[in-house]
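Below is one structure, written out as C-alpha cells, with a few remarks after it.
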Amino acid sequence: MYALADQAPARIDVSVWAPDPLSRAGTVAQLRGASGLHIVQDGQPADGCVALVVVDEVDSESLQVIRGLRRNGTLGIALLVTRLDDRGLLQAVEAGVAGILRRSQATVQNMVTTIRSVAVGEGAVPPDMLARLLNQVGHLQRQVLAPRGLTFSGLTERELSVLRLLADGYDTNEVGGQLFYSERTVKNIIHDVTSRLELRNRTHAVAYAIKQGLI
C-alpha cells in the first residue's frame, strides 16, 4: 500500500492512544507481535516514540491529544481513523499527523508500514486522501491567502521581492529604486519581516529566505 521506509531504525517504540480502552487493547494486540516494533506501556511518555492515535473521527479531543503528543517530542504521529472528512483531514495534518490509515484497511502490515514511514519523517497518506488534501491546500491558497497577498511561507510577494533584491546585493536605497518604493518603505518592510519571524537583521532575513527555498 505504501513504500516501505527502509531507513527506519531496527526497533521502533510505539505509543498507542485511543479514547476507547477496547480500541487501544485491540490495536496493541495486533501490533505486539510485529517485528521491529515495541509497544510502550499505557501512560508512558511519547518522547522518542511514534504515536499511533486511534479514533473514530477527528474531533476537538483528538486534536488536543495530537498537539500534545507533538509537543512531547514524538518521532512522528500516525492516525488510525474510521471516518475522516475534508475538514478533519486538514485539521489532522495541521495538528501534526504525518501518517493516516483507515481502520477498515488496518492490517498489521499496513500499520507497520505506516509507522515505519512516520518514524523516518516520511508522509504516509492513502492516494485519495492525498488528492483531497491537495485540493484543500489549493483552496486555502486561492480563497484565503492570495486575496491578502500572502503565501504559505507567511511572507507577502512584496516582502519576497525585497528579499530577492537584497540577496542580489542591492542596498535599501537601490531596492527602493528597483521596486518604486521609498527607502523608508523598504526599511519598514524589512523590519516587519524580521519582527514577525524573530530574525536578527536583514542579513538574517535573507539567509532565512534562501535556506527555506523562498528566493
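So how do Ile12, Ile215 line up by other beta-carbon neighbours within 10 Å, fewest first? Walk me through the intermediate numbers first.
Values: Ile12 22, Ile215 18.
Lowest to highest Cβ neighbour count: Ile215, Ile12.
Percent of alpha carbon pairs in the chain separated by more than 26 Å? Here the long-distance tail beyond 26 Å is 49 percent of all Cα pairs in the chain. Distance distribution note for region 84-142: the fraction of Cα pairs above 19 angstrom is 30%.
Specify the inter-centroid distance of region 52-76 and region 154-212, based on alpha-carbon positions, in whole Å. After rounding, the separation between the Cα centres reads 37 Å. Taking the square roots of five times each eigenvalue of the Cα gyration tensor of region 149-211, the equivalent ellipsoid has semi-axes of 17, 12, 11 Å, listed largest first. With R₀ set to 45 Å, the beta-carbon distance separating His191 from Ser35 gives a calculated FRET efficiency near 0.25. By DSSP, the beta bridges lying fully in the chain are antiparallel in about 5 percent of cases.
How high is the relative contact order of region 12-141, given as a whole-number percent (alpha carbon pairs under 8 Å, six or more residues apart)?
Working: 219 pairs, mean separation 28.8, N = 130.
Relative contact order for region 12-141 comes out at 22 percent.
Computed from the coordinates by the stated procedures, all read-outs in this text should not be read as laboratory data. None of these values were measured; they are calculated from a predicted model. Neighbour counts run over all protein chains shown; Cβ positions are idealised from the backbone, glycine included.
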